[in-house]
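Below you'll find the structure, written out as structure tokens, and then a few comments.
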Amino acid sequence: MKLSHLIEKTYRWAQKRSLWVLHYNTGGCNGCDIEILDLLTPRYDIERLGIVVKASPRHADVLLVTGPVTLQAQAGLEQIFAQMPSPKWVVAVGSCSTTGAVFYGSDTVLGGVDRKLPVDLYIPGCPVRPEGIIKGLLQLQERITHGK
Amino acid sequence: MNKISIPIGPHHPLLKEPLSMNIEITGEKVLGGSLRLGYVHRGIEKMATQRTYVQDVHLIERICGICSHIHTTTFCNAVETLLGIEVPPRGLYIRALMCELERVHSHLLWLGILAKHVGLDTVFMHAWHDRELVLDIMEGISGGRVSHAANQIGGVRFDISDKQAEMINVNLVKLKQQVSGVLDVIENEPALQARTQGVAPVSAELIKDYCVVGPVARASGVDVDMRRDDPWSPYDKLDVKVITRPEGDAWARTLIRVLETRESLRLCKILVEDMPDGPVSVWASRKVPEGEVVTRSEAPRGEVVYYVRSDGSDKPARLKVRTPTLPVLSLLPVQLSAIHVADIPVVLAGIDLCVACADR
Amino acid sequence: MVNELNLETIIEKIQTETGCDCEAYPNITNDETILIPADQLQMVMAVLRDQFGIYHLSTITAQERDIEADQSAIELIYHFFYLNQPGDGRGISLMVRLPLDKPNIASIISHLPGADFYEREVAEMFGVSFTGREATPKLLLPDEWEHGPPFISSEVSDE
């Protein structure tokens, strides 16, 4: 195996094993948010997968977005994404951030994160079960193994 | 010393939801603050008039994920009054059971967040771990952990079998045992008392001026609880103990919710034991006759008011929702004056924010 | 304070104290409603508070309603809640009607600071102008909202 290939493989292995996530709520009902917070608790314990929930965009690799992106919250979303250092991924958690779900068509809602940011993974659900979020993040890890 | 303005939000580790605050401080003292809501405004009231009543039940459940059931309950109560139909007693008992379970889950959630803000991370883990038992019960009977779709116009969507009732009883006993541990710690923990006693006291006059409701009002001695004062069946048969404290500080607001959790667990047990037999729902017509109605309920955070006006079609002509967090938020700038910077998380946690409810 | 409150007693007292022309509006279930002229709102609220101890404002509902054929008005309903005694809570509402072309009404926040958020929401959603207070900044609508009041304006955004 060539050395550069080995280095890249190791780099991707390290990357997928310690994803630091940032959670941003763009106007959701809180259902998906409390299921994301549930991942920190003993029953689901996402830290055993190397995933830590951080508070600062500068520390984060993955942006977990919930909510249908209200007009008022969209500026904050853009700024947070801009502050995250590359490589970075965006995961739309919940039906609201995927398509706008039940709020689609409202005058004050954009409807879906992909109207603002490039999304790497969609996890539909209303709200998403914690097992669903874990499955989604594991799929993201798989993607990273194969170079996005 | 100079006055400095600290912006908090819309994205901030202290906040689960987007909310923008500008807090003015000088040195370590907080002088006051101002709020900007609207980050979670989805235009639900307007959307409700463009959808049918049946579709609105699904929409209204998503005003807030934490207190979803009480919103649909109050809405269904309003529409059933306009339709002139009566939900069978068993259906009402199941509705009330889900309401009380939701209250327990909401208070345990609040407890975890408070503990996290104050620095007691272990309590956060224990409280949310115990909360999983409540979610298990709710999932066992309705199929959903957070959003249950329990209500439909005319009653509830599912019945509780004997096996499920046994499961609920077993889990309630387990929950009571586990939760007692955490609640005893909170009631007797000197570090928490030192952190919260005397912080941001609110007088009963201020509560009345700002029309505050819920545990925040009861923590300042205002004796009002919609379960006792504007009850829908079966609350009129249950002897709901309304807990008030006179101090009005952050400690009182903490203690009230702890005691309310215990009271709700007691009510859950009674609701399961005394549940009458019979059907759980009645047929309801899609078109609602002309009329207007106001209904009130006690959500985990306080009084929820719904005004529904019907024009005889299958879509409401007007839906107005007032959630309990809105008046509490109007009191926040007053609470923020005359505290220290280190007390800001304690004050924010004590009011149990639910911005999704406030913004709709 | 009167222990046993009923609508007739309240209306009679309001008419004696303020001389205003008020009548019962019977159509709202669960809330006794009194229709009053818009300029008498503060005085009637003072009667409710001082004579009957009714001070808790639940919310202010605003809606556009057809009063008669070809005549619409903006209706504001001030929902109050009081306890006859613990366990016996009642709702009582004050209803005012404002003309669509000039929806002005005096603000009540000097008497009841808790009405601030409710007034701001009614102002931005229905274009009602509250006099006697500072301008009503936006509460819920986004900063960049360019269309008129969402519940009145016929402009629909394309998003």
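Every read-out reported here was derived from the displayed coordinates using simple, explicitly stated rules and does not represent laboratory data. Source: prediction; values computed, not measured. Cβ sites come from the backbone with ideal geometry, for glycine too, and all protein chains shown count toward neighbours.
General observations
- Alpha-carbon centroid distance for the pair region B:173-250 / region C:73-146, whole angstrom: 29 Å
- Residue-averaged beta-carbon neighbours from other chains (10 angstrom radius) around B:15-23: 4
- Shown here for region B:256-345: chymotrypsin sites (Phe, Trp or Tyr not before Pro) in loop regions (DSSP other than H, G, I, E, B) with at most 16 other Cβ atoms within 10 Å, namely B:W283.
- Prolate/oblate/rounded call for region B:281-321, Cα gyration tensor, a/c under 1.5 rounded: oblate
- Basic side chains Lys and Arg get +1 at the Cβ, acidic Asp and Glu get -1 at the Cβ, and with that the dipole of region C:7-100 about its Cα centre reaches some 360 debye.
- Estimated FRET transfer efficiency when R0 is 41 angstrom, pair C:R133-B:R266 (beta carbons, to 0.05): 0.35
- Average other protein chain Cβ within 10 Å of Cβ, residues B:142-154: 2
- Cα radius of gyration and Dmax for chain C (Å): 16.7, 55
- Cβ-derived FRET efficiency at R0 30 Å, B:T122 paired with A:Q15, nearest 0.05: 0.45
- Low-density loop cleavage sites - chymotrypsin sites (Phe, Trp or Tyr not before Pro) in region B:212-274, where at most 10 other Cβ are within 10 Å (DSSP): none
- Principal-axis tilt of helix A:3-17 within chain A, Cα atoms, nearest 10 degrees: 40 degrees
- Computed over chain A, the P(r) curve from all C-alpha pair distances, binned at 5 Å from the origin, holds 2, 10, 20, 22, 20, 13, 7, 3, 2, 1, 0, 0 percent per bin.
- Zero-based 10 Å bins, Cα pair distances in region B:120-273, whole percents: 10, 30, 35, 21, 4
- Fewest-first ranking of C:E146, C:E12, B:E17, using other Cβ atoms within 10 Å as the exposure measure: C:E146, C:E12, B:E17
- In region C:7-100, a dipole from Cβ-located charges (positive for Lys and Arg, negative for Asp and Glu) runs towards its positive end, and of C:T61, C:P99, C:A73 it is C:T61 whose Cα lies farthest in that direction.
- Per-pair calculated FRET efficiency, R0 = 51 Å: A:E8 and B:S337 via Cβ, rounded to 0.05: 0.35
- Calculated on alpha-carbon atoms, Rg and Dmax of the protein assembly as shown in Å: 25.0, 98
- Ordered by the number of other Cβ atoms lying within 10 Å of each residue's own Cβ, fewest first, C:E68, B:E28 fall into the sequence C:E68, B:E28.
- Where trypsin sites (Lys or Arg not before Pro) fall in DSSP loop in region B:1-108, at most 14 other Cβ within 10 Å: B:K3
- Remark on chain B: hydrodynamic radius 21.0 angstrom, per the Kirkwood mean of 1/r across alpha carbon pairs.
- Kirkwood hydrodynamic radius (C-alpha pairs) into Stokes-Einstein, region C:7-100, 10 °C and 1.306 mPa s, D in µm²/s: 116 µm²/s
- Ellipticity estimate at 222 nm from DSSP helix runs (n ≥ 4, -39,500 (n - 2.57)) divided over the protein assembly as shown, nearest 500: -12500 deg cm²/dmol
- Across peptide C:56-67, the average count of Cβ atoms from other chains found within 10 Å of a residue's Cβ is 6.
- Extension gain, B:D223 back to B:N169 (0.36 nm per residue minus Cα-Cα distance, nm): 16.3 nm
- Here the dipole of region A:25-145 is about 160 debye; that uses its Cα centre as origin and unit charges on the Cβ of Lys and Arg (positive) and Asp and Glu (negative).
- Between region B:52-100 and region A:96-128, the Cα center-to-center distance that results, in Å: 26 Å
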